[in-house]
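Right, one structure below, let's go through it.
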Amino acid sequence: MGMDVIGKKPSTEEGKYFRNNVWWWRPLAGYCCEVAPEITSKCTYWQSNDGDGLGKRDAIKLADVLQKEIESGRTLSFQRRYTSAQEMTANEPCPICAGTGTRLPVPHRGAGDPKTTGIKCNGCDGNGTRRPYSTDYPFDVENVQKFVAFLRGCGGFQIC
């Protein structure tokens, strides 16, 4: 699933369309809401694709705030902290095999008995743990910069 952000009255090629899959969009939208809450509060549904968005003036204001954050180095600092927090997050028990490392044979679901089934879990590669889903959401300065370019030329936008 992805978030298609459509320019309402684009004046540049970049302003026509901005797309992030859900993994990239959630941290980007969250970052925007964190650094510019007075602007982003005018869009209620940042995390859904129901057509909410911002008008032209607010899109440009958001672009200005984000660009200042990038130029100050705060976005890079945020990226480093964000990535570090992801790396430091502990593994969790595999939800497919309940941490056993084996699973029941198809078509059954659930944890297998390592002594009887011997089918290695494909959810954790037989380790019994996996990285938490929260670590699947990347964030980087380059994506923010691309969003700034979109915002400057979109003439307002809708998240579809």
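Comparing mean-square fluctuations of 122, 21, 143 from a GNM of the chain with C-alpha springs under 10 Å, the top value falls on 122.
Angle of helix 22-35 to the longest C-alpha principal axis of the chain, folded into 0 to 90 degrees and rounded to 10: 50°.
Rounded to the nearest 0.05, what FRET efficiency is calculated for residue 9 and residue 122 with R0 set to 41 Å and r the Cβ-Cβ distance?
Approximately 0.30, to the nearest 0.05.
In order along the stretch 143-151, the Karplus-derived 3J(HN,Hα) couplings, from 6.51 cos²θ - 1.76 cosθ + 1.60 at θ = phi - 60°, round to 5, 5, 5, 5, 5, 4, 4, 4, 4 Hz, and Gly and Pro are given as x.
Compute the long axis of helix 74-88 from its Cα atoms, compare it with the longest principal axis of the Cα atoms of the chain, and write down the angle in degrees, 0 to 90, nearest 10. The answer is roughly 10 degrees. Rounded to the nearest 10 degrees, the inclination of helix 56-72 to the longest alpha-carbon principal axis of the chain is 70 degrees. Averaging sequence separations of C-alpha pairs under 8 Å and six or more residues apart, then dividing by the length of the chain, give the relative contact order as a whole percent. Averaging sequence separation for qualifying contacts and normalising by length gives 39 percent for the chain. Here the alpha carbons of the chain define both size measures, Rg and Dmax, at 20.5, 65 Å.
Residue exposure proxy: 131, 81, ordered by other Cβ atoms within 10 angstrom of their Cβ from fewest to most, comes out as 81, 131. Estimated purely from DSSP H runs of n ≥ 4, each contributing -39500 (n - 2.57), the mean residue ellipticity at 222 nm for the chain is -12500 deg cm²/dmol once divided by its residues.
Counting lysine pairs in the chain that sit 8 or more residues apart in sequence, or on different chains, and whose Cα atoms lie under 25 Å apart gives 24.
When the square roots of the Cα gyration tensor eigenvalues are ordered a ≥ b ≥ c, the ratio a/c for the stretch 1-41 is 1.5 or more and a/b does not exceed b/c, which makes its shape oblate. Pick from 39, 60, 119: which residue has the top mean-square fluctuation in a GNM of the chain where Cα pairs under 10 Å get a spring? Looking only at 39, 60, 119, the largest GNM fluctuation is found for 119.
Laboratory data are not the source of any read-out in this text; all were calculated from the coordinates shown. These numbers come from a predicted model, not from an experiment. Because the Cβ atoms are built from the backbone with ideal geometry, glycine has one as well, and the counts that use them run over all protein chains shown.
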